[in-house]
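Any read-out appearing in this document is the output of simple, stated calculations on the displayed coordinates, not a laboratory observation. If you're wondering where the values come from, they're calculated on a predicted model, not measured in any experiment. Here Cβ is always computed from backbone atoms with ideal geometry, including for glycine, and neighbour counts include all displayed protein chains.
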Amino acid sequence: MFYDHVNIEVRSGDGGNGAVSFRREKYIPNGGPDGGNGGRGGSVLIRADDKKNTLLDFRYKRKFWADHGEGGGKRNRNGKSAEPVVILVPPGTVIRDLETDRLVADLVSAGDEVVVAEGGTGGMGNAFFKNSVRQAPQFAKAGRSGVERRLSLELKLLADVALAGFPNAGKSTLLSVLTAATPKIAAYPFTTLEPQLGVLQYDHQTLVLADVPGLVEGAAEGAGMGIGFLRHIERSRLILHVIDAAAMDGRDPFEDYRVIRRELASYSSALSEREQWIVLTKSDAVDPSRILELKSQFGDTALLFVVSAVTHDGIDSLKQALVNAVPQMPKPALYDESELKKVFRFEEAPRYEIREDDGHLVVTGNWIRELVQSTNFTDRESLRFFERQIRHHGLYDELVQLGIKEGDTVYLAGSEFEWVF
């Protein structure tokens with residue numbers, strides 16, 4: 001089964017918390033702070049692997065969670081950082097953030113990778129906060145939270161030439177004689193249910209060809225095989241319109257060509273500007289006068305070839321033309337370069353969110369959670385730092401604007417506090 005589009009969820013690990021600890025050894029009274037730092041949470045990476053050719057691996061597994069970093073320990077022992085989670089995808093996979101529809105990465109070549117969820121950094125232990133004034137800090141820093149994202153993975157095949165046309169136009173048969181591919185071929189519509197790739201080797205040149213499942217009128221709106229396979233034409237330098245010259249099912253070859261052109265343009269304006277050639281197939285089953293008539297009808301709309309997959313008439317000429325011209329054609333740019341520069345940048349989540357629940361104000365968010373966990377409320381210095389932070393980041397003023405009063409209960413990251421001005 002060919003899978004070329006899937007949505008997944010990823011979450012990086014939280015950083016480990018720093019430790020609050022003091023050296024306790026015989027004959028060493030009043031030992032200093034020795035709390036170690038927390039380890040880094042595991043990140044989530046997506047990497048292109050040439051051993052993969054579909055997204056079928058994601059049919060049942062669509063959630064990828066990285067482990068959390070370990071907390072710091074006594075005697076300045078740092079917590080262990082978690083290993084990253086590496087997700088393997090086929091080359092040609094495009095990654096987008098589902099929340100913003102922003103392009104995350106386009107993994108074109110094997111080995112390309114992107115960090116889609118960075119692990120949280122570990123918190124500092126109390127040994128880190130010791131200085132000449134603060135000799136015995138009673139607090140440590142909590143590890144930073146990981147991030148959770150919903151991503152879209154879309155595979156766009158890496159082919160130099162795309163064969164486009166109606167069902168039974170002869171695309172699969174043509175692919176089989178141009179390359180060593182062995183697609184399933186039969187005399188009924190939609191024999192090809194998934195894209196087929198083949199490698200053309202001729203005159204010391206190599207090209208990758210893709211047989212795109214048969215298009216029909218309205219494909220760009222979902223008719224027939226729908227737009228599901230039109231994405232695999234986007235990377236191609238050249239589009240070959242494969243048209244049944246024999247028209248055994250009563251179709252009009254020229255109208256078929258016009259319909260496919262319209263569908264390509266409806267899907268993407270860039271496709272309508274792509275280099276396009278015409279291949280009239282099944283010439284062995286057509287009267288030569290009809291071939292001349294068709295050539296006249298097509299005129300100079302595009303470079304035209306007449307071939308027969310049965311007798312191989314015209315096949316060598318088509319191969320020679322492909323290897324001569326296609327390598328010189330520019331590779332299509334799927335995305336604006338400025339968009340690609342934003343690959344590694346994600347929008348930061350809000351520091352906190354405030355809601356009312358059963359008459360009480362509730363503050364949630366990673367920032368407030370980390371601040372509460374980092375604060376030793378029995379230590380005056382730590383408590384002063386906490387107060388400075390909620391004022392500096394606007395939380396204090398916002399709670400006042402929402403009408404909080406002396407003695408009210410407020411919930412900060414799940415912990416209950418009494419409000420005091």
Handout entry: Separation of the Val400 and Asn131 label points, Cα + 7 Å toward Cβ, nm
Key = 2.8 nm
Handout entry: Residues Glu154, Glu118, sorted so that the one with the fewest Cβ neighbours within 10 Å comes first
Key = Glu154, Glu118
Practice task
Stick to Cα atoms and the Kirkwood definition of Rh, then tell me Rg/Rh for the range 253-305.
Solution key: 1.03
Completion exercise
Karplus-derived 3J(HN,Hα) from phi for the range 277-283 (6.51 cos²θ - 1.76 cosθ + 1.60, θ = phi - 60°), whole Hz, x at Gly and Pro, runs 10, 10, 10, 8, 9, 6, 5
Handout entry: Distance between modelled label sites at Ala285 and Leu98, nm, 7 Å Cα→Cβ extension
Key = 4.5 nm
Practice task
Would you work out the charge dipole size for the range 235-289 about its Cα centre, treating the Cβ of every Lys and Arg as +1 and the Cβ of every Asp and Glu as -1, and quote it to the nearest 20 debye?
Solution key: 360 debye
Problem - Between the range 25-92 and the range 282-323, the Cα center-to-center distance that results, in Å - result: 59 Å
Exercise for the section: Using Cα positions and a limit of under 30 Å, work out the lysines in reach of Lys331, with same-chain residues fewer than 8 apart set aside. Expected result: Lys51, Lys52, Lys156, Lys171, Lys184, Lys295, Lys319, Lys341, Lys342
Completion exercise
Out of Gly32, Ser12, Pro327 - ranked by how far each Cα lies towards the positive end of the dipole of the chain, with unit charges on the beta-carbon of charged residues - the top one is Gly32
Fill in the blank from the handout: Cβ density ranking, 10 Å radius, fewest first, applied to His204, His392, His241 yields His204, His392, His241
Exercise for the section: Match the structure shown to one of the listed values (i) 4, 17, 20, 16, 12, 10, 9, 7, 3, 1, 0; (ii) 4, 13, 15, 14, 12, 10, 8, 7, 6, 4, 3, 2, 1, 0, 0; (iii) 4, 19, 27, 25, 14, 7, 3, 1, 0 of P(r) over Cα pairs in 10 Å bins from 0, in percent, computed from it, and give that label. Expected result: (i)
Exercise for the section: Under 17 Å Cα to Cα from Lys80, which aspartates and glutamates show up? Leave out anything in the same chain fewer than 8 places away. Expected result: Asp14, Asp34, Asp67, Glu70, Glu118
Exercise for the section: From zero up to wherever the largest Cα-Cα distance of the range 1-155 sits, split into 5 Å bins and tell me the percent of pairs in each. Expected result: 2, 10, 15, 16, 13, 10, 8, 7, 6, 5, 4, 2, 1, 0, 0
Practice task
Let me know the charge dipole size of the chain about its Cα centre in debye, to the nearest 20, where only the beta-carbon of Lys, Arg (+1) and Asp, Glu (-1) is charged.
Solution key: 1920 debye
Problem - J(HN,Hα) series, the range 379-395, from Karplus relation 6.51 cos²θ - 1.76 cosθ + 1.60, nearest Hz, glycine and proline x - result: 10, 4, 5, 5, 5, 5, 4, 4, 5, 5, 5, 5, 6, 4, 8, x, 5
Exercise for the section: Can you put Ser12, Ser132 in order of Cβ neighbours within 10 angstrom, beginning with the fewest? Expected result: Ser132, Ser12
